[in-house]
Amino acid sequence: MNIVIIEDEGLVADDLELNIRKLIDEPLDIVQIRSVKEGIAYFKNNKSTDLIFSDIQLGDGLSFEIFVAEPVTAPVIFCTAYDEYALDAFKTNGIDYILKPFTLQTLDNALQKYKQLKKIFSTDQMPQFDALMQLLAGKETQKAASVLVYHLDKIIPINLDDIAMFYLANEVTHLLTFSGKTFYPNKTLDELEKLCGSSFFRANRQFLVCRKAIVDVSSFFSRKLSLNLNINFSEKVIISKGKAAQFLSWLAKA
């Protein structure tokens, strides 16, 4: 059986592959793909896939772009943290999903639907990946429920509501919670900005700040703005003069 895992987080992909091998008692050929670009190249030359497990938000775009560029006839099971609104769209288009963080049981349930999904993908009624891609391009449906971080030998989902900010220090991305805990997500601030939606603002190259963490704003030198936060964080978070109007508009709406 040929299975493809599309997931840009290496540890998540490895964990998924390990659990798939536990549940399927037959020889498996499992390929891991990390990006949209890599996925398009793979499916252009490989048409014999039996089943696909796919994340949605990859580092270089949405995984739907792969299936629009290279239509597949294999069932797709999405491993996602997207909200219920987006998941309803998957059902409408004949696609199954499991929510991150997944368990062995939810994965087993998804595999039980494999034959049913295979029938759908074998007909002319192919899922409308282009429509789903447009749907998920909006900020509200881009927003994830949690961010995965790595701590020792574990993968931990941190609820988005618990995150005060992301910041860059020594070229490493840090996640700071409202309770003062620090974690290290394996994503860039650019990727997190897309993932977190409109409740976070990219203050500058170094900071991505949650609206709930901002108490008020002070004027700073040269018409810049300085954020006053409700968390214990010693470094000043500055909004440039060029971004000030955009920030104040966001602050009023967020």
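Derivation of every value follows stated rules applied to the coordinates shown; laboratory data play no part. It should be emphasised that the depicted structure is a prediction, and the values quoted were computed from it without experimental measurement. FYI the Cβ positions are ideal-geometry reconstructions off the backbone, even for glycines, and counts take in every protein chain you see.
Full-extension gain between D190 and S222, please, as 0.36 nm times their residue separation minus the C-alpha to C-alpha distance.
Numbers: separation 32, 0.36 × 32 = 11.52 nm, distance 2.64 nm.
Separation in residues times 0.36 nm, less the Cα-Cα distance, equals 8.9 nm.
Taking 0.36 nm per intervening residue step and subtracting the Cα-Cα distance, what contour gain separates A145 from Y42 on full extension? Provide the component values of the computation, followed by the final result.
Details: separation 103, 0.36 × 103 = 37.08 nm, distance 2.97 nm.
Here the segment from A145 to Y42 would lengthen by 34.1 nm.
With unit charges on the beta carbon (Lys/Arg positive, Asp/Glu negative), name the residue among I214, T182, S226 whose Cα is farthest towards the positive pole of the charge dipole of region 146-253.
It is S226, whose Cα lies furthest towards the positive end.
Please compute the Cα-Cα pair-distance distribution of region 146-253 with 5 Å bins starting at 0, giving whole percents from short to long.
Per 5 Å bin, starting at 0, the Cα pair percentages come out as 2, 12, 24, 25, 19, 11, 4, 2, 1, 0.
By count of other Cβ within 10 Å, fewest leading, how are M165, M1 ordered?
Values: M165 23, M1 13.
Ranking M165, M1 by Cβ neighbours within 10 Å, fewest first, gives M1, M165.
Please arrange I231, I33 by how many other C-beta atoms lie within 10 Å of their C-beta, fewest to most. All intermediate terms of the calculation are to be shown ahead of the outcome.
Details: I231 17, I33 24.
Ranking I231, I33 by Cβ neighbours within 10 Å, fewest first, gives I231, I33.
If the chain between E235 and D15 were fully stretched, how many nm would it gain, using 0.36 nm times the residue separation less the Cα-Cα distance? Provide the component values of the computation, followed by the final result.
Numbers: separation 220, 0.36 × 220 = 79.20 nm, distance 3.67 nm.
Once the chain is fully extended between E235 and D15, it gains 75.5 nm.
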